[in-house]
1. Please work out which residue is farthest from GLU16 (Cα to Cα), limiting yourself to the stretch 29-45 and to residues that are β-branched (Val, Ile, Thr) and surrounded by fewer than 10 Cβ atoms within 10 Å (Cβ to Cβ).
2. What helices (runs of 4 or more DSSP H), lying completely within the stretch 1-66, carry at least 3 residues that are among the charged types (D, E, K, R), outside the structural domain of GLN90 (by TED's automatic domain parsing) and touching a residue at least 24 places away in the same chain (Cβ under 8 Å)?
3. Answer yes or no as to whether LEU71 is in contact with a helix residue (DSSP H, G or I) (Cβ under 9 Å, 6 or more places away or on another chain), over 30 Å from MET1 (Cα atoms) and surrounded by 13 or more Cβ atoms within 10 Å (Cβ to Cβ).
Amino acid sequence: MSIKIELPLELEKQLEANAKVLGLSAEEYVLLLIKNDIKTPEEIQRRQELMLLQQINQGFDDEFWSRYADLIKLRGLNQIDDNQYDELCQMIERTELENVKRTKLVMQLTELRQQPFEEIFSALGIEPVTLEA
């Protein structure tokens, strides 16, 4: 198989210099780079899965959740002032936006794995939560 690639001159010179150090032609060096970096479709899929899982598992820190719990408690006791209420509303909005983002990432994972959405949620330990009004 023959592939023609137009490279910027600077990159071409760097490849040639690196090849020369190794005692290879530029073509041999490029082939070596490709062989060392090429992945199987399974490896590529696994790498994509890992990237998605990392993004799905990103969340808020303990300080955020502690403050959130404090504000919820104040609201439940009817002791929340207007500034605290606004802060709580902003935190709720942030969590909702983050959950939408995470749900979209889980949907990408379901497509990649070709598994039902519920199976992925279950495997990730994500369970529906019933909130009291």
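1. THR40
2. none
3. Yes: the conditions hold for LEU71.
The values are calculated or read from the model by the stated rules, or taken from the named source; none is laboratory data. Predicted model, so just to flag it, every value in this text is computed and none were measured. Virtual Cβ from ideal backbone geometry, glycine too; neighbours counted across all protein chains shown.
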